[in-house]
Amino acid sequence: MSTVNVNMQTLADARQIGRTQDLLGRALARLSSGFRIVDPADDPTGTGMAERLDAQSKRVGAATTNVQNTISFLQSSDSFMATMGKALTRMSELSTLAKDVMKNGGDVGLYESEFKQIQDQLRVTVGGTTAEIGGTYDITKPLGSFNGNVLFGANPAGMTIAVGQAAGQTLTLPENNLRNGAMLQIIQQDSSGNYLLNVSDPTSLAKANAAIQDLSDERATVGAFDSRLTNIANSLTTEGQNLSSTLSRIQDVDVAAESTRLTKYQLLAQGSTAILAQANQTPKAALQLLQS
């Protein structure tokens, strides 16, 4: 039916052009932003999943950082203990040399001087208060520290770190207290600052060997946790990659597919415009009938 007041075909074509333009705009928005979900209305379920996965991915990243920092903490601790182990080995050697009957008092005095220097180095590395190791002053900032955290002090509760993205995924490192036991026997001082152990002491060799054994046990513990944390770090890296892949499939645009849709909508828009122009000719035909 041809009418002059209302052109139904033109209205239908205009409505179709509007819908095509809307689809074309969405395709352009997806390609320009790189996201498949430009508006939550595009995929409400996917939007919710993406939010949860993104939060989970960030928690995994944070846990990975925690684990890597803890590995560095343990490696720093092991490095200090390796150096202390060499120092204690030298102390045991000096203790043995000092018991040589061929050595005179001057020789023993030289051994004692080196022995004390090693004790000084061990003491400033381990640190501690006068209540813990004696002496005349506290060492609150020992060499054996990592980012301000004391490596070899008392910490009965241990050090708990988050090693996963979920609540409760934690790991507690035991204390590594070298201010007591065998090491204390090496570096303990009296109230005047004199070491209770010297190179000529009959027990010096046994105490040095006991401290070496104590360090060996602590290094074995540190090594075990280091290995465990390395495995955890590898697992977290894999988990993070899988989460990123899943998140990408949900929210990232498929450029090839969206480009195909863009071309389709461009052709439809051009075709609809041409059809609308043709539909606008219908009232003219009706007018021609009136003129005839």
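What net charge do the residues around Glu112 carry, taking every other residue with its C-beta under 13 Å from that of Glu112, with Lys and Arg at +1 and Asp and Glu at -1?
Net charge in that neighbourhood comes out at -1.
Counting Lys +1, Arg +1, Asp -1, Glu -1, what net charge surrounds Asn176 among other residues with beta carbon under 14 Å of its beta carbon? Working shown, then result.
Values: positive: Arg179, Arg219; negative: Asp78, Glu175, Asp214, Asp217, Glu218, Asp226.
Around Asn176, the surrounding residues sum to -4.
Tell me which chymotrypsin sites (Phe, Trp or Tyr not before Pro) from the stretch 107-154 have a DSSP coil assignment and no more than 10 other beta carbons within 10 Å of their own.
Details: sites: Tyr111, Phe115, Tyr137, Phe146, Phe152; in loops: Tyr137, Phe152.
Here the sparse-neighbourhood loop sites are Tyr137.
What ranking, highest mean first, results for peptides 100-108, 183-191 when packing means the other Cβ atoms within 10 Å averaged over each residue? Let's see the in-between values first.
Numbers: 100-108: 9.7, 183-191: 19.2.
Result, highest mean Cβ count within 10 Å first: 183-191, 100-108.
Counting only other residues whose beta carbon sits under 11 Å from that of Gly240, what net charge do I get with K and R as +1, D and E as -1?
On the way: positive: Lys58, Arg59; negative: Glu239.
Result for the neighbourhood of Gly240: +1.
Give Lys99/Lys141; Lys141/Lys207; Lys58/Lys264 a once-over and call out the pairs whose C-alpha atoms are over 30 Å from each other. Write out the running numbers ahead of the final one.
Working: Lys99/Lys141 36 Å; Lys141/Lys207 26 Å; Lys58/Lys264 38 Å.
In this structure, Lys99/Lys141; Lys58/Lys264 exceed 30 Å between Cα atoms.
Would you work out the relative contact order for the stretch 70-250, in percent, from Cα pairs under 8 angstrom that are 6 or more residues apart? Walk me through the intermediate numbers first.
Values: 216 pairs, mean separation 47.4, N = 181.
Contact order relative to length: 26 percent.
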The stretch 167-234-the stretch 70-135 distance, computed between alpha-carbon centres (Å) | 13
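Laboratory data are not the source of any read-out in this text; all were calculated from the coordinates shown. Remember, it's a predicted structure, so these values are computed and weren't measured experimentally. Quick reminder, even Gly has a Cβ in these numbers, built from the backbone with ideal geometry, and neighbours come from all protein chains shown.
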